[in-house]
Amino acid sequence: MVLNQLKGRLRTATRGHKLLKDKRDELMRQFMDIVRRNRELRTRVEAGLTEAFAAMTVAGAIMSPEMLEQALLYPRQKVELDAKYVNIMSVNVPAFDFRTEDIDPGDMYPYGFAQTSGELDDALAKLFQVFNDMLELAQVEKSMQLLAQEIEKTRRRVNALEYVMIPDLQESIKYITMKLAENENSTKVRLMKVKDMVLQQAHNFK
């Protein structure tokens with residue numbers, strides 16, 4: 001009974017090991033795709049922010065700090081950010097959806113154009129352009145973190161099955177099989193001896 005139970009556990013462990021290896025490989029493929037996307041987005045975001053900050057620096061040099069603060073104090077547009085989750089190989093990764101209340105591009109400027117510089121307009125326009133990439137970059141980096149944690153967890157399970165549980169089960173099955181074979185051989189020897197004794201007694205009786 002114990003031998004049959006161990007064989008059943010070994011079959012289950014072997015099947016689970018294969019499924020976990022397949023899951024690990026697919027997670028790695030998804031992870032590498034996200035890493036490549038992360039590299040592209042980071043390059044674009046860094047370039048966009050550099051241009052926006054440069055334009056903002058020029059605007060700050062032209063305008064007084066008070067005027068710059070007053071121009072940006074009251075934004076016109078309202079935004080909505082929805083966060084939901086997408087399942088990737090049993091890992092829930094975030095997915096952000098960004099919407100503005102008004103789709104008119106001119107509404108992103110919260111000031112009149114009479115007393116502000118064109119560099120401030122350029123800075124806000126560049127920030128507006130790079131914002132979606134920044135949001136996707138945050139989503140991608142969080143997905144990378146969650147997938148990396150799941151890959152490490154799956155890798156530990158695969159190694160535990162491959163190097164600990166399955167070898168232990170195989171060793172136990174081998175040991176029990178050998179003991180059962182020894183017991184069977186011993187039983188055969190005893191039966192042969194009993195048979196010889198019975199025959200000897202029967203011969204002497206005759």
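Annotations
- Filtering segment 139-153 to residues that are over 8 Å from the mean Cα position of the chain (by Cα) and of a type in the set (A, V, I, L, M, F, W, C) leaves only V140.
- Looking only at segment 73-94, and only at residues there that are among the aliphatic types (A, V, I, L, M) and exposed (fewer than 14 other Cβ atoms within 10 Å of the Cβ), the one that is modelled with the highest pLDDT: V86
- Matching option when the condition is in a strand (DSSP E or B), farther than 19 Å from D133 by Cα and free of Cβ contacts under 8 Å to residues at least 12 places away in the same chain, among N92, N87: N87
- Count - residues of segment 52-80 that are assigned to a helix (DSSP H, G or I) and farther than 18 Å from L137 by Cα: 17
- If the condition is being surrounded by 13 or more Cβ atoms within 10 Å (Cβ to Cβ), over 16 Å from Q129 (Cβ atoms) and not small (G, A, S), then segment 43-72 contributes V58, I62, M63, M67, L68, Q70, L72.
- Odd one out for E184, checked against (1) free of Cβ contacts under 8 Å to residues at least 24 places away in the same chain; (2) surrounded by 11 or more Cβ atoms within 10 Å (Cβ to Cβ); (3) over 20 Å from T12 (Cβ atoms): (2)
The values are calculated or read from the model by the stated rules, or taken from the named source; none is laboratory data. Treat the numbers as computed from the prediction; the structure is a model and nothing was measured. Backbone-built Cβ (ideal geometry, glycine too); neighbour counts: all protein chains shown.
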